[in-house]
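Here's the structure, in structure tokens; my notes come after.
The values are calculated or read from the model by the stated rules, or taken from the named source; none is laboratory data. Predicted, not measured: the structure shown is a model, and the values here were computed from it. Don't worry about glycine lacking a Cβ; one is built from the backbone with ideal geometry, like all the others, and counts go over all protein chains shown.
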Amino acid sequence: MLPTELSPLTELALNLRWCWHLPTQDLFRGIDPELWDSVRHDPVAMLSALAPEDLERLAGDAGFVARVQEAGAELQRYLTEPRWYHQAAEAAGEAGQEGQAEGFPEAIAYFSPEFGITAALPQYSGGLGILAGDHLKSASDLGVPIVGLGLFYKSGYFRQRLNADGWQQESYPVLDPDDLPLSMLREEDGTPAVVSLVMPGGGHLDAYVWRAQVGRVPLLLLDSDVETNEPSKRDLTDRLYGGGGDQRLQQEMLLGIGGVRALRLWSRLSGAAVPSVYHTNEGHAGFQGIERISELVGDGLGFDEALRAVRASTVFTTHTPVPAGIDRFGVNQIQLHFGGQAELPGVPVDRLLALGAESYAGGDPGVFNMAVMGLRLGQRANGVSQLHGEVSRGMFNGLWPGFDDAEVPIGSITNGVHAGTWVDRKVQSLAREFLGDAAFGPDPWPRAGQVPADRIWATKRELRQQLVDNARNRLRKSLRHRGSTAAELGWVDDVLDPDALTIGFARRVPTYKRLTLMLRDPERLAKILLDPDRPVQLVIAGKAHPADDTGKKLIQEMVRFTDDPEFRRRIVFLPNYDIAMAQRLYPGCDVWLNNPLRPFEACGTSGMKAALNGALNLSILDGWWDEWFDGQNGWAIPTADGVEDPERRDDLEASALYDLLENSVVPTFYERDEQGVPTRWLEMITHTLSTLGPKVMADRMVRDYTQDLYLPAARAGWAVSREDFAGARSLAGYVQRLQAEWPKVRVDHVEAEGVGDTPQLGETVTVRAYVALGDLAPDDVQVQVAFGRASEDDELADVETSALEFTESYEGGRHRFDGHLRLSRTGSLGWTVRVLPAHPLLSSVAELGLVANP
Ligand SMILES: *Cc1c(COP(=O)(O)O)cnc(C)c1O
């Protein structure tokens with residue numbers, strides 16, 4: 001129990017805002033710096049490590065008590081003051097647009113299978129989790145009312161060590177929620193609140209709900225370790241991405257279905273608003289939509305009406321173009337878990353199966369695809385960089401047959417990173433010194449040029465030194481574990497050099513990331529590393545999935561290379577890549593290397609974090625780098641796209657990487673002025689900070705999500721649900737009619753006047769289209785003329801469309817639509833007339849995947 005004078009410390013430790021608020025960290029460190037290091041900078045552990053007499057002494061220290069009180073008051077201000085979201089809502093309200101104010105939801109649910117918030121809460125494996133953590137943090141900073149939903153993994157993800165052979169070994173530390181910044185959701189009488197799911201055969205799965213508080217954002221985590229569960233179910237949430245088959249499916253049922261139930265509990269017990277938008281990250285949480293359909297059917301809607309209502313308020317984000325990253329279950333598994341006694345009320349298993357069916361050319365009829373279900377349950381969908389959006393439109397175009405890829409309704413919002421978490425404290429104080437106290441307010445980046453170059457350079461050296469010290473410690477520990485004695489490890493004190501060009505490479509180790517590409521030509525690499533005047537050093541880290549022996553082989557190959565006495569001072573592999581390592585690693589690097597097989601890196605975020613700490617990126621033009629490389633902020637490794645033979649492609653791309661290092665990266669880094677400062681290099685850093693800085697911020701990302709997806713989804717959800725779901729009923733009825741009549745819809749005949757052989761700019765063409773609509777009315781559809789550049793294979797590119805107007809009806813469901821088309825370009829033009837659905841509650845003409853062409 002804390003003395004009352006110190007009571008704010010409890011909330012300061014439990015609210016994870018401390019992990020991006022340096023003054024709070026300093027407050028805890030100040031109590032006892034050594035103890036702080038020994039508890040790995042974890043405030044909860046710090047508080048429990050303090051003895052009662054320590055606390056009494058602190059309570060008697062008036063200065064300390066005052067600082068605690070001030071910090072507590074500051075946190076309360078942060079948690080309650082109006083922020084960006086409230087200002088935006090107010091501005092929209094003042095604009096007086098009807099329906100606008102309702103478009104600012106009071107709560108938005110954000111589902112993810114993992115959350116990477118701090119090393120002290122290890123509930124993540126890699127990019128997806130870290131991104132989710134950064135999303136919550138920025139939502140908190142901006143005041144966007146998100147509530148996170150996930151699972152609590154008692155053993156988290158594994159800890160990585162290496163054996164003597166360099167083979168990855170996994171261990172699973174057991175986490176005790178009582179030692180973590182978590183509190184259990186309880187009923188009013190104090191008993192734990194429980195979420196319960198029906199399992200095949202009539203059994204049940206119970207779960208507790210833990211709440212972490214991430215600044216203003218609550219994060220609810222479901223935990224299956226409940227006594228009322230049979231033993232195999234108690235372990236269900238033991239490991240992140242653990243087990244396969246049914247275990248994975250049941251984890252996802254708990255995340256999706258249990259997640260919605262946890263939200264309802266949370267609203268009931270805390271009075272929190274019921275979310276009006278549901279954002280699901282990757283397919284894993286897709287069953288949230290099924291549970292919500294079931295709820296609405298319980299309220300009296302039909303399945304189709306409920307589906308329309310759920311879609312309107314759901315946002316789906318796809319995070320990977322790698323097929324192995326997409327969950328697919330057997331149809332039989334789904335039948336077992338959602339059929340018979342296990343059926344969700346109102347959700348016949350056949351309807352569920354249809355939502356996840358790969359019902360397109362090349363699809364597997366035996367498979368239930370979670371990403372496909374995600375797209376069918378979300379009226380709005382996006383990829384995580386422009387390139388990934390484009391790749392996703394191509395990948396999922398089978399769901400919108402008849403539409404060009406460009407019209408597939410999957411947009412993109414490029415990922416970002418949370419600056420407060422990822423910008424090193426030394427960089428932050430440098431910014432504060434030259435850009436003022438507000439430096440860490442909204443946008444210091446464009447003014448990065450005001451920081452003197454020599455100071456940036458001196459800071460980079462400190463950051464490199466910090467990394468070198470950290471790497472030596474980690475390496476020493478690892479080598480001890482691998483069997484070396486302390487006496488053999490004297491050389492480790494000379495590993496890495498704080499003045500050498502430092503290149504970092506750390507990521508998970510799926511094949512497409514090509515961990516070992518740099519080893520393609522070992523002699524050439526050795527020459528680069530060992531250059532006596534212009535040395536280069538590589539710091540490498542990464543975990544392979546426990547079941548991925550191919551990845552483990554790559555790690556072993558890398559570790560063996562780093563073991564070689566000739567190179568070991570210039571290249572190190574550090575085991576157990578995690579947030580704590582990442583926070584040292586990115587700032588200490590001069591260059592961040594990324595060489596995935598294009599276009600499999602959906603976005604990538606580590607390079608953004610490195611960039612914010614004054615590193616330059618050296619990367620394949622994939623993910624975010626494809627979008628934001630500008631020729632001055634780093635280097636693009638040319639890709640050998642289209643080279644079929646993967647070996648040859650790797651050779652070509654590795655060789656391009658060495659070329660860049662030898663001819664540009666290394667010379668630029670070592671070209672110094674009289675003061676020893678690399679002028680050109682620093683120009684590139686300043687340019688990177690000032691132009692890339694604002695773009696890569698998670699604040700920008702969360703604002704984009706809010707404006708482009710959350711607010712439209714909230715408005716759409718409101719539009720379908722008001723007046724007892726009149727909109728959902730109308731839309732469902734419309735879709736049913738449309739689907740029944742669509743086989744009869746066709747373009748019978750088109751007349752055009754004024755199109756010569758060589759169309760001229762500004763010419764007007766008159767178009768008259770005769771269409772058959774069956775029993776549909778003319779205003780059930782839109783008739784469009786689409787025109788664009790005609791390509792050789794008769795496809796249209798750069799398509800523009802213009803709607804024709806209904807003019808006249810004839811017998812037998814035939815109608816005429818007319819319009820004029822002003823040509824806005826010349827050249828080889830093609831055009832066509834098509835019939836599309838038209839309903840005010842559809843988000844795009846492509847939404848239903850229905851189109852009739854001549
Ligand atoms: C940022 C980060 C990642 C993701 O980086 P990518 O560039 O997407 O590979 C993975 N792990 C940790 C610990 C990170 O901090």
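Here are the numbers:
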| quantity | calculated |
| --- | --- |
| Filter result for Gly819 (farther than 30 Å from Arg311 by Cα and outside the structural domain of Phe396 (by TED's automatic domain parsing)) | yes |
| Yes/no for Pro345 being outside any helix (DSSP H, G or I), touching a Ser or Thr at 6+ places or on another chain (Cβ under 7 Å), at pLDDT 95 or above and surrounded by fewer than 14 Cβ atoms within 10 Å (Cβ to Cβ) | yes |
| Condition check for Arg648: surrounded by fewer than 17 Cβ atoms within 10 Å (Cβ to Cβ), touching a helix residue (DSSP H, G or I) at 6+ places or on another chain (Cβ under 9 Å) and at pLDDT 95 or above | no |
| Checking Tyr810 against (1) touching a helix residue (DSSP H, G or I) at 6+ places or on another chain (Cβ under 7 Å); (2) of a type in the set (Phe, Trp, Tyr); (3) exposed (fewer than 13 other Cβ atoms within 10 Å of the Cβ), the condition it does not meet | (1) |
| All positions within region 280-323 that are more than 25 Å from Leu128 (Cβ to Cβ) and either in contact with a Lys or Arg (Cβ under 7 Å, 6 or more places away or on another chain) or outside any helix (DSSP H, G or I) (or both) | Asp299, Gly300, Leu301, Gly302, Phe303, Glu305 |
| Enumerated helices (runs of 4 or more DSSP H) restricted to region 167-279, each holding at least 1 residues that are in contact with a strand residue (DSSP E or B) (Cβ under 6 Å, 6 or more places away or on another chain) and touching a residue at least 60 places away in the same chain (Cβ under 8 Å) | 245-253, 259-270 |
| Among the residues listed as Gly402, Gly398, Gly394, the single one being at positive phi, away from the ligand (no atom under 16 Å from the Cβ) and not assigned by TED's automatic domain parsing to the domain that holds Cys603 | Gly402 |
| Options Gly607, Gly623, Gly642; residue that is over 23 Å from the mean Cα position of the chain (by Cα) and either of a type in the set (Gly, Ala, Ser) or within 15 Å of the ligand (Cβ to nearest atom) (or both) | Gly642 |
| Residue within region 766-775 that is part of a helix (DSSP H, G or I) and surrounded by 14 or more Cβ atoms within 10 Å (Cβ to Cβ) present | no |
| Of the criteria (1) out of contact with any helix residue (DSSP H, G or I) (no Cβ under 8 Å at 6 or more places or on another chain); (2) surrounded by fewer than 17 Cβ atoms within 10 Å (Cβ to Cβ); (3) over 30 Å from Gly325 (Cβ atoms), which one Arg560 fails | (3) |
| Any hit, region 147-158, residues being of a type in the set (Lys, Arg) and assigned to a helix (DSSP H, G or I) | no |
| Residue in region 291-313 that is in contact (Cβ under 8 Å) with a residue 12 or more places away in the chain and closer than 30 Å to Pro596 by Cβ present | no |
| Where Thr118 falls short, out of the listed (1) within 13 Å of the ligand (Cβ to nearest atom); (2) under 13 Å from the mean Cα position of the chain (by Cα); (3) not in a helix (DSSP H, G or I) | (2) |
| Number of the condition not met by Asp578 [criteria: (1) farther than 25 Å from Thr421 by Cα; (2) out of contact with any Leu (no Cβ under 9 Å at 6 or more places or on another chain)] | (1) |
| Flag for Leu593 being more than 9 Å from the ligand (Cβ to nearest atom) and in contact with a Pro (Cβ under 9 Å, 6 or more places away or on another chain) | no |
| Flag if Ala91 is away from the ligand (no atom under 16 Å from the Cβ), within 17 Å of Gln213 (Cα to Cα), of a type in the set (A, V, I, L, M) and surrounded by fewer than 22 Cβ atoms within 10 Å (Cβ to Cβ) | no |
| Matching helices (runs of 4 or more DSSP H) fully within region 1-67 where at least 3 residues are charged (D, E, K, R) | 52-59 |
| Failed item in (1) farther than 24 Å from Arg211 by Cα; (2) modelled with pLDDT of 95 or more, with Gln97 passing the rest | (2) |
| The listed residue being crowded, with 18+ Cβ neighbours inside 10 Å and under 18 Å from Tyr586 (Cβ atoms), out of Ala654, Ala615 | Ala615 |
| Filter pass, Glu106 being acidic (Asp, Glu), in a loop (DSSP other than H, G, I, E, B) and closer than 19 Å to Tyr278 by Cβ | yes |
| Inter-residue pairs, beta-carbon under 9 Å, first of a type in the set (Asp, Glu) and at pLDDT below 95 and in region 807-823, second surrounded by 18 or more Cβ atoms within 10 Å (Cβ to Cβ) and not in a helix (DSSP H, G or I), 6+ apart | none |
| All positions within region 348-379 that are acidic (Asp, Glu) and either in contact with a Leu (Cβ under 7 Å, 6 or more places away or on another chain) or surrounded by 14 or more Cβ atoms within 10 Å (Cβ to Cβ) (or both) | Glu358 |
| Residue in region 693-707 that is touching a strand residue (DSSP E or B) at 6+ places or on another chain (Cβ under 7 Å), touching a residue at least 60 places away in the same chain (Cβ under 8 Å) and part of a loop (DSSP other than H, G, I, E, B) present | yes |
| Odd one out for Gly631, checked against (1) under 23 Å from Tyr670 (Cβ atoms); (2) in contact (Cβ under 8 Å) with a residue 40 or more places away in the chain | (2) |
| In region 562-588, the residues that are out of contact with any strand residue (DSSP E or B) (no Cβ under 6 Å at 6 or more places or on another chain), within 12 Å of the ligand (Cβ to nearest atom) and of a type in the set (Phe, Trp, Tyr) | Tyr586 |
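Conditions (1) farther than 24 Å from Phe316 by Cβ; (2) more than 18 Å from the chain's Cα centre (by Cα); (3) modelled with pLDDT of 95 or more, marked per residue:
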residue	(1), (2), (3)
Arg57	yes, yes, yes
Ala62	yes, yes, yes
Glu70	yes, yes, yes
Arg77	yes, yes, yes
Glu90	yes, yes, no
Tyr110	no, no, yes
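For (1) more than 16 Å from the ligand (Cβ to nearest atom); (2) modelled with pLDDT under 95; (3) within 25 Å of Ser664 (Cα to Cα); (4) not aromatic (Phe, Trp, Tyr), each residue gets a yes or a no:
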| residue | (1), (2), (3), (4) |
| --- | --- |
| Ser484 | yes, no, no, yes |
| Asp493 | yes, no, no, yes |
| Leu496 | yes, no, yes, yes |
| Ala500 | yes, no, yes, yes |
| Arg507 | no, yes, yes, yes |
| Pro510 | no, yes, no, yes |
| Arg520 | yes, no, yes, yes |
| Leu525 | yes, no, yes, yes |
| Pro532 | yes, no, yes, yes |
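Each row is one residue, and each column tells you yes or no for (1) touching a helix residue (DSSP H, G or I) at 6+ places or on another chain (Cβ under 7 Å); (2) more than 16 Å from the ligand (Cβ to nearest atom); (3) under 25 Å from His418 (Cβ atoms).
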site	(1), (2), (3)
Gly126	no, no, yes
His135	yes, no, yes
Ala139	yes, yes, yes
Leu162	yes, yes, no
Asp165	yes, yes, no
Gln169	no, yes, no
